[in-house]
DNA sequence: CAACATGCTACACACGCGTTCAGTCGCGAG
DNA sequence: CTCGCGACTGAACGCGTGTGTAGCATGTTG
């Protein structure tokens with residue numbers, strides 16, 4: 001898919017190599033994904049062009065505008081994610097640890113970094129990605145409940161959503177507060193985060209946190225029969 | 001470190017119009033906090049000046065630079081948070097729902113928005129705020145364990161950190177993916193998020209998620225006696 | 001060989017940014 | 001009253017940005 005080996009920059013025109021046009025586009029696109037992942041979406045077209053070894057004008061020539069370039073990057077990243085997912089669908093089905101599987105390969109670090117930047121940014125890509133993760137989580141938890149591996153919930157959809165948001169959110173916050181200089185460090189950071197969080201996560205998932213059902217029962221009582229409407233609706 | 005009440009220093013001057021000098025500074029500062037919360041830290045000095053009803057030059061005259069203005073905003077927000085915390089220390093001690101208590105007042109929406117923007121940005125303020133929340137969580141959980149309200153953890157610090165990161169991260173992700181147009185909507189969004197997440201959170205905290213201890217035991221076994229060192233240390 | 005097509009570059013333009021500066025206004029002091 | 005001083009303004013500067021455009025170099029074609 002991407003020009004790993006022989007495709008260096010060719011400053012002036014192409015000779016043989018009928019894919020010259022294609023590779024230039026792809027080179028710029030990959031450089032943009034990496035730059036966006038590294039510096040955020042404020043990265044300049046000039047920096048991307050420099051990384052790709054071309055002039056800024058060529059970027060416009062191929063993509064029309066920076067926004068169009070970013071949209072294409074979004075599509076590319078999303079397609080790559082789907083690809084990786086299909087490849088590792090057996091692994092991912094194990095426990096929803098799709099992130100870990102596709103972050104374990106260092107070559108995917110730019111993709112992961114791009115997705116995280118999108119989450120910081122709140123773009124459509126991020127929404128789509130998170131929605132996708134939530135839909136997957138619904139399937140996983142349903143399956144886990146059916147096989148007796150997980151306790152049932154009063155609202156499976158809400159639980160799947162919460163579990164996904166909290167897991168992704170914790171990772172996002174961690175990476176944001178302690179960002180890697182090099183996207184390839186992302187893998188290391190993610191591993192460090194997993195190492196620090198996996199025990200409390202497993203504890204929480206298997207042993208819970210509270211010893212008493214009082215808070216939960218109180219809340220359930222409150223939901224089915226709110227004691228005071230005005231207090232709940234005063235600022236809505 | 002921080003000017004608690006309304007009386008700041010008066011660098012030069014006369015005491016007629018006792019608040020004229022002061023109000024200008026404060027008005028710009030408050031406008032900056034609000035703008036930063038609304039538009040992020042890319043907001044222009046011109047926009048802030050316009051909101052405050054002054055010229056851009058005056059902003060520089062008072063604060064020296066945009067970065068200095070932001071640092072002062074950070075200090076102001078942090079001081080305000082400490083204030084609110086001391087006011088509601090009894091409420092906050094209930095269950096760590098400090099966020100809810102100080103987000104319930106609509107007047108604090110800019111403060112909350114500013115903190116969330118800082119988290120997106122990963123600034124020092126965000127780090128300090130999160131660290132503070134984690135330290136509080138350690139105290140709360142310790143107290144909860146001591147009174148038998150919470151189950152003990154094999155690593156209290158790691159659990160407190162994970163619980164805090166997941167809660168704040170979920171909120172951050174929610175707000176980022178579905179940002180409010182008006183910071184005052186933040187309260188509504190936070191309430192909506194709480195409404196959607198509180199049930200699964202309580203379920204998870206009291207009933208857990210997994211029915212079997214196998215994953216936890218496997219992990220504990222793995223930690224104390226790693227089956228394969230190379231796989232774990234290959235990319236560290 | 002001459003004409004054309006095209007991947008690509010160098011340059012330029014308009015814009016918004018943070019920041020600077022000369023100058024005005026209002027007011028207390030001598 | 002005059003003076004000085006500090007808050008304050010409006011215009012400008014320098015810079016970096018995204019984005020057009022003219023032109024160069026090269027491969028292809030009649």
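The values are calculated or read from the model by the stated rules, or taken from the named source; none is laboratory data. Please read all numbers here as calculations on a predicted model, not as lab measurements. All Cβ positions, even for glycine, are placed from backbone atoms using ideal geometry, and neighbour counts span all protein chains on display.
Remarks
- Hey, residue A:147 buried (at least 18 other Cβ atoms within 10 Å of the Cβ) and within 30 Å of residue A:216 (Cα to Cα) or not: no
- Hits in the range A:200-235 - residues which are facing chain B (nearest Cβ under 8 Å), at pLDDT 75 or above and in a loop (DSSP other than H, G, I, E, B): A:208, A:209, A:211, A:212, A:213
- Taken together, the criteria place residue A:5 among residues that are away from chain B (no Cβ under 14 Å), out of contact with any strand residue (DSSP E or B) (no Cβ under 6 Å at 6 or more places or on another chain), modelled with pLDDT under 95 and away from DNA strand C (no atom under 12 Å from the Cβ).
- Conditions (1) away from DNA strand C (no atom under 12 Å from the Cβ); (2) at pLDDT 90 or above; (3) in contact with a helix residue (DSSP H, G or I) (Cβ under 6 Å, 6 or more places away or on another chain): number failed by residue A:79: (3)
- Residue within the range B:161-174 that is farther than 26 Å from residue A:206 by Cα, in contact with a helix residue (DSSP H, G or I) (Cβ under 6 Å, 6 or more places away or on another chain) and more than 7 Å from chain A (Cβ to nearest Cβ) present: no
- Selection within the range A:65-83 - within 14 Å of residue A:113 (Cα to Cα) and within 16 Å of DNA strand D (Cβ to nearest atom): A:73, A:74
- Restricting the range A:177-190 to residues that are out of contact with any helix residue (DSSP H, G or I) (no Cβ under 6 Å at 6 or more places or on another chain) and within 7 Å of chain B (Cβ to nearest Cβ), the residue that is surrounded by the most Cβ atoms within 10 Å (Cβ to Cβ): A:179
- Evaluation of residue B:42 against (1) within 14 Å of another protein chain (Cβ to nearest Cβ); (2) within 13 Å of DNA strand D (Cβ to nearest atom); (3) surrounded by 18 or more Cβ atoms within 10 Å (Cβ to Cβ) (one fails), failing number: (3)
- Of all residues in the range A:122-143, those satisfying the criterion of being buried (at least 17 other Cβ atoms within 10 Å of the Cβ) and facing another protein chain (nearest Cβ under 8 Å) are A:126, A:130.
- Single residue of the range B:105-120 satisfying the filter (facing chain A (nearest Cβ under 9 Å) and crowded, with 16+ Cβ neighbours inside 10 Å) that is nearest to residue B:42 (Cα to Cα): B:120
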